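The values are calculated or read from the model by the stated rules, or taken from the named source; none is laboratory data. Just so it is clear, the model here is predicted, and its values are computed rather than measured. Virtual Cβ from ideal backbone geometry, glycine too; neighbours counted across all protein chains shown. Surface areas here come from the heavy atoms of the whole protein model, side chains and all, with no ligands, DNA or RNA. Shrake-Rupley method; radii C 1.70, N 1.55, O 1.52, S 1.80 Å.
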Amino acid sequence: MTRALNIILLTLAVLLLGGLEETAEACRCSQVHPQRQFCNSDVVIKAKVVGEETVYDGTFPVSIKYIIKKPKVFKGEWQEVNAVFTPYFDGLCAVHLQTNGTEYLLSGYMDSDGMHISLCGFNVPWNSLTDTQKLGVTQHYEKGCECTIQTCFTLPCETSDPQVCLWTDVAFDVQQQADHSSCIKRDDDTCAWYTSPRVQNRRRKGY
């Protein structure tokens with residue numbers, strides 16, 4: 001049974017058991033660093049979204065099919081497809097994309113009918129990424145996928161594991177490491193945050 005068919009069956013089950021109102025409240029995504037979203041995805045691409053269609057199973061809408069052009073692959077194996085699928089219902093973590101040719105960073109998994117994405121992945125307009133995130137997607141993130149990014153919810157946070165990067169944005173309620181840092185595996189097999197020189201200069205200047 002394919003992963004796409006599993007999604008269809010799950011959608012129908014939710015509709016039958018919970019109704020549309022409960023479905024709208026079902027999606028929950030953990031707050032994670034973008035690098036973890038990248039590393040947890042089978043496929044990561046940049047592509048233009050130029051159209052959309054609703055996919056039905058009989059009379060039931062089950063997914064939205066986004067038509068894409070000019071995909072550029074950053075991770076995974078890309079099949080010759082021109083579509084990205086997301087669940088139809090918000091409660092199943094549907095992703096809503098603009099279809100006016102906007103370029104997106106998209107992450108998910110590949111099935112026989114195309115690529116599948118959800119709200120819990122790294123799916124954002126390309127122009128909304130910081131310079132460090134773009135560099136992470138194209139170069140740094142994959143180099144640190146063997147590292148562990150551990151979320152720090154409350155201070156103080158500590159770790160003795162040399163392959164762990166502590167992510168403190170949640171504790172401080174900021175987007176510092178998410179926007180400007182990548183967890184990189186170094187030559188000595190330890191992991192550490194890499195911060196862009198631009199951010200380091202700002203810190204030295206006090207703003």
Would you be so kind as to identify which of GLN176, LEU92, TYR141 lies farthest towards the positive end of the dipole of the stretch 76-207, taking Lys and Arg as +1 and Asp and Glu as -1 on Cβ and the Cα centre as origin?
GLN176
On each of the three principal axes of the Cα atoms of the stretch 60-184, give max minus min coordinate, whole Å, ordered largest first.
48, 31, 26
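For ASP169, ASP90, write out the residues from largest to smallest accessible area, computed with a 1.4 angstrom probe and no ligands counted.
ASP90, ASP169
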Give me the percent relative contact order of the stretch 63-207, please, defined on Cα pairs under 8 angstrom at least 6 residues apart.
16 percent
Qualifying lysines (Cα of each under 30 Å from Cα of LYS48; at least 8 residues distant if same chain):
LYS65, LYS69, LYS70, LYS72, LYS75, LYS134, LYS143
Got a sec? Which residues in the stretch 42-84 would a label at GLU103 touch, if it sits 7 Å along Cα→Cβ and we count backbone N under 15 Å?
45-50, 69-74
Label-point separation in nm, HIS96 to THR54, each point 7 Å along Cα→Cβ
1.5 nm
Just to verify a number: what accessible area does GLU142 come out at with the full protein assembly present, 1.4 Å probe, Å² rounded to tens?
100 Å²
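So if R0 is 30 Å, what FRET efficiency would VAL73 and ARG186 give, r being the distance between their Cβ atoms, rounded to the nearest 0.05?
On the way: r = 26 Å, r/R0 = 0.88.
After rounding, the FRET efficiency stands at 0.70.
In the stretch 137-194, what % of DSSP beta bridges are antiparallel (nearest 5)?
50 percent
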